[in-house]
Structure formats: structure tokens, C-alpha cells
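Asker: Have a look at this one before I ask anything.
The values are calculated or read from the model by the stated rules, or taken from the named source; none is laboratory data. Worth saying up front: this structure is predicted, and the values here are computed from it rather than measured. Methodologically, a virtual Cβ is constructed for each residue, glycine included, from the backbone with ideal geometry; neighbour enumeration extends over all protein chains shown.
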Amino acid sequence: MSAPAPAPHAEDVQPGRRAHGSLPALLRRRQQVVLRRRRAAALGLVAVVAVSGFAVTRGGMPFSGADPSGGQVEAQAAAVAVPPPPPADRQGATVAAGQDPDALTPTGPGEPCRAEPGGAEIASGPVGGAAFGASALGCTIPAWQALPPTPLEATDARMLLAQVTREQAVDPVDYVPEDLVPLRGGVYQARAEVGEQLDALFAAAAEAGHPSLTVTSGFRSHETQAGTFADWAGRLGEERADLLSARPGHSEHQLGLAVDLGGTCNYQCFGASPEGQWVAANAHRWGFIVRYPQDGQAVTGYAWEPWHLRYVGPRAAWGMHLAGEAYWEHFQPVAARAAGVH
């Protein structure tokens, strides 16, 4: 059976003659075909977004993982650092704490909105905007906020994202996490999620040729930190000790979220060692940041500590990495707002 002859283009129809109906009818049919194809393309894009869980807009244009300079954002690497997407009854947590994922009334530019638009939005909105976070609604979902939340990100964001500095103490000051577990080696402890992510980081480091990483410190209680600071002060004097050690109640180690690492070379020379450089470049993939960067004493109040990692969760760690932000002092308010922490 031979295939039917294709309909002529509108410009091929001579005046006064009909080809498959009148010219207006033909144009209407062609417009309907184009519209159906666009809708199908939009649905295909939404399927990709739904599978990847990574739907964002940047400046009203689809953002699929390329930064403005053309470099590729390594979003796929985050998959090794976060658990599978949460059950349906927890999907709202991937949008914003306490926010209905079906809500389509963002309060202003930059506010989270639903990542997976429905059919009506696809039909009525522009293909790019509707398929990638409904940019026509005037909202965006930064890439790091689109990552599925870890248990701590979903249930204990206040302590996970806590800002602890020279001036700002742990709250409450005698806080002790309830989920401390032994870290590899069994000498030190940290919160359970920190231990899991640290194991994943160590495994990746070994695969990359850096098998010598070790844990040299973990959770410290208020009392233990008091002894640590007193020891430094006794050896160096209080003024010098203030640059190297936190006073009791002002240490991130008390949160159960900080670990000190070592390797072929510990403390200051850890930053120049191959494994230390690998950690600095890759820690964000598992939710860690180098809390006290080099030449950052004016911001952090402490000298460079390349060995000191703070766990802030994959979302915030990736957010800092993508933004090129080195200081938790600067990014913590952004992460806290996104998580609904006040």
C-alpha cells in the first residue's frame, strides 16, 4: 500500500484552488501539528527533569548543569553523596521546608516553586519555562536546593546548619547529639550521617589514589573542649590559643558535625599534601566544607585549618561550591533561609 502524498505547503497552493480544505483551515491544522509537537517535546523534558530531580531556571532560561563560563557542573557526582528521593509523603521537603509542592504562588523572585509542572502549565506556558521550574511564575530553584534531602537536612536542619563562631555559641551550650556513632578506627565519634558520608568520602579518596586518610578528632563535649583550650593556653598563652582553638561552647566539634583529618602529613602540612588537596577539591560532594580557609582569619577568626571539615549536608556544601563561596559565615544565612530555619 503506497503512502499518501504529503499535503502541499501553504505557499504551494494556488489562489482560487483548495488543497485539503481552505487555506485558513490548512494553516489551523499546521498550527495544531506544531503545537502538538511542542507539547510532546515539553513532556519529554519534564520526564528528564522528573527522573533526574534536577529542575532549575537561571535568568528565565533552562539551566541543565552548565555554568556561565561553559564549564559543566558536576551535579551527577552528588548522587553518590545523597540517598534516593524520599517517599511521596516527603516530597515537599525537596522544594522547601513546610511548603506544599503544588503551591504556585511564590512570594517573589528567588522563592522556591514546584519543580515538576502539570499538564495545564505545559499547555499554557512557554516550553522552556514550563518544563524547567515554571520561570513564567517568577521563581527559581537553585541547583543545590533541587537535591533530595538527607535525613538531617529533612529533620534537623537547625543544628545541621548552625552557625558557631567565636561570638556565637552552641545553642544550648551543653548540647550533646543523641545519634553519635564511632567513626572509622573507633577512637572518635560523630553524628551517624556524618559517619556514613565520611566513609563514602574515604572510599572515593582511596579509589583516587589517597588511601592514607585518617580521622584525628571528632565530637568533643563542652567539658572536653574546655580541657583542650586550657591545654593550648597553657602551652602558648590565651591570646595565641584563641587563634588555634575554640573556647568551650564555641566549638563546631560539640555539634558532632566536625571532624579533623590526617594523612601522610598532619595539621598545617595536610593542606599541601596530595590527599589534603584532594579533600579540599572534593569534600563538597559528600556534604563537607573546609571550615577555616587559608587567609580567612579576618572572616572566621581562626588561622587556616585545612584538616578541619564541617559537615553541612550536600545541599549547602554544593551550594557553596557552585557559588564559589569559601566562607560559611557568608553562606549560612542563605542555606538557613532555603531550609526554613529562622
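Asker: Sort through Thr165, Thr155 and tell me the only one that's of a type in the set (Ser, Thr, Tyr) and in contact with an Asp or Glu (Cβ under 8 Å, 6 or more places away or on another chain).
Answerer: Thr165
Asker: Can you name every residue in the range 206-243 that is among the charged types (D, E, K, R), under 33 Å from the mean Cα position of the chain (by Cα) and part of a helix (DSSP H, G or I)?
Answerer: Answer for the range 206-243, where residues must be among the charged types (D, E, K, R), under 33 Å from the mean Cα position of the chain (by Cα) and part of a helix (DSSP H, G or I): Glu207, Asp242.
Asker: Can I ask one more? Picking from Ser273, Ser245, which residue would you name as being assigned by TED's automatic domain parsing to the domain that holds Ala208, of a type in the set (S, T, N, Q) and touching a Cys at 6+ places or on another chain (Cβ under 7 Å)?
Answerer: Result: Ser273 is the single residue among Ser273, Ser245 that is assigned by TED's automatic domain parsing to the domain that holds Ala208, of a type in the set (S, T, N, Q) and touching a Cys at 6+ places or on another chain (Cβ under 7 Å).
Asker: Can you work out which of the residues in the range 198-244 that are in contact with a Pro (Cβ under 8 Å, 6 or more places away or on another chain) and not small (Gly, Ala, Ser) is nearest to Gly263 (Cα to Cα)?
Answerer: His210
Asker: If a residue has to be under 22 Å from the mean Cα position of the chain (by Cα) and surrounded by fewer than 21 Cβ atoms within 10 Å (Cβ to Cβ) to count, how many in the range 265-290 make the cut?
Answerer: Total meeting the criteria: 5.
Asker: Still on this model: Only one of Gly249, Gly301, Gly234, Gly256 is under 23 Å from Asp174 (Cα atoms) and surrounded by fewer than 17 Cβ atoms within 10 Å (Cβ to Cβ). Can you tell me which?
Answerer: Exactly one residue qualifies, and that residue is Gly301.
Asker: Which residue is nearest to the chain's Cα centre (by Cα), if the candidates are limited to the range 160-192 and must be charged (D, E, K, R) and closer than 24 Å to Ala246 by Cα?
Answerer: Top of the filtered list is Arg191.
Asker: Another one. Would you call Gly287 touching a residue at least 60 places away in the same chain (Cβ under 8 Å), among the small types (Gly, Ala, Ser) and touching a Phe, Trp or Tyr at 6+ places or on another chain (Cβ under 8 Å)?
Answerer: Considered against the rule, which asks whether it is touching a residue at least 60 places away in the same chain (Cβ under 8 Å), among the small types (Gly, Ala, Ser) and touching a Phe, Trp or Tyr at 6+ places or on another chain (Cβ under 8 Å), Gly287 comes out as yes.
Asker: Among the numbered criteria (1) small (Gly, Ala, Ser); (2) surrounded by fewer than 21 Cβ atoms within 10 Å (Cβ to Cβ); (3) farther than 25 Å from Ser273 by Cα, which one does Ala338 miss?
Answerer: (2)
Asker: Return the only residue of His330, His321 being assigned by TED's automatic domain parsing to the domain that holds Gly256 and either of a type in the set (D, E, K, R) or touching a His at 6+ places or on another chain (Cβ under 6 Å) (or both).
Answerer: Of the residues listed, the single one that is assigned by TED's automatic domain parsing to the domain that holds Gly256 and either of a type in the set (D, E, K, R) or touching a His at 6+ places or on another chain (Cβ under 6 Å) (or both) is His321.
Asker: Listed residues Ala205, Ala154; which is buried (at least 20 other Cβ atoms within 10 Å of the Cβ), touching a helix residue (DSSP H, G or I) at 6+ places or on another chain (Cβ under 7 Å) and small (Gly, Ala, Ser)?
Answerer: Among Ala205, Ala154, only Ala205 is buried (at least 20 other Cβ atoms within 10 Å of the Cβ), touching a helix residue (DSSP H, G or I) at 6+ places or on another chain (Cβ under 7 Å) and small (Gly, Ala, Ser).
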